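Below is one structure, written out as structure tokens; comments come after it.
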């Protein structure tokens with residue numbers, strides 16, 4: 001019989017990586033009510049996109065927290081099953097958790113910081 005562990009490990013690593021990227025993406029979208037991040041949104045009108053994302057912000061924040069929690073759960077489950085989580089997945093998960101926390105707790109401060117950095 002063949003051992004299926006490498007394929008399972010790769011699939012688990014991909015799902016953990018996806019959860020981290022999804023958390024980071026939804027955190028960025030949740031903060032876009034304060035600073036439009038995509039050029040076509042700025043061209044279409046910042047007021048319209050801002051009003052749209054303000055209404056979606058609670059759902060996007062919940063999705064961000066949920067995806068980070070999913071990433072940590074998948075990492076915990078991998079350790080429990082004796083599989084090692086990849087270094088890239090671990091680093092990306094912790095970076096995503098940091099950005100989700102910062103963008104959720106300080107959205108206007110982050111928007112001001114990004115606006116100051118990009119106007120130089």
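The values are calculated or read from the model by the stated rules, or taken from the named source; none is laboratory data. These figures come from a predicted structure and were not determined experimentally. All Cβ positions, even for glycine, are placed from backbone atoms using ideal geometry, and neighbour counts span all protein chains on display.
A Cβ distance below 7 Å, combined with a sequence gap of six or more or placement on separate chains, defines the contacts here; from region 48-61, residues that are at negative phi and in a helix (DSSP H, G or I) reach residues that are at pLDDT 75 or above and surrounded by 13 or more Cβ atoms within 10 Å (Cβ to Cβ) in the pairs 60/26; 61/104.
Consider region 77-90 and keep the residues that are in a helix (DSSP H, G or I) and in contact with a helix residue (DSSP H, G or I) (Cβ under 9 Å, 6 or more places away or on another chain). The one that is surrounded by the most Cβ atoms within 10 Å (Cβ to Cβ) is 89.
Rundown of residues vs (1) closer than 23 Å to residue 117 by Cα; (2) in contact with a strand residue (DSSP E or B) (Cβ under 9 Å, 6 or more places away or on another chain); (3) at pLDDT 75 or above, yes/no style:
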{"position": "25", "(1), (2), (3)": "yes, no, yes"}
{"position": "28", "(1), (2), (3)": "yes, no, no"}
{"position": "40", "(1), (2), (3)": "yes, no, no"}
{"position": "48", "(1), (2), (3)": "no, no, no"}
{"position": "59", "(1), (2), (3)": "no, no, yes"}
{"position": "71", "(1), (2), (3)": "no, no, yes"}
{"position": "76", "(1), (2), (3)": "no, no, yes"}
{"position": "80", "(1), (2), (3)": "no, no, yes"}
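Being in contact (Cβ under 8 Å) with a residue 24 or more places away in the chain, assigned to a helix (DSSP H, G or I) and either out of contact with any strand residue (DSSP E or B) (no Cβ under 9 Å at 6 or more places or on another chain) or more than 16 Å from residue 27 (Cα to Cα) (or both) narrows it down to one residue among 103, 98; which is it? Result of the check over 103, 98: 103.
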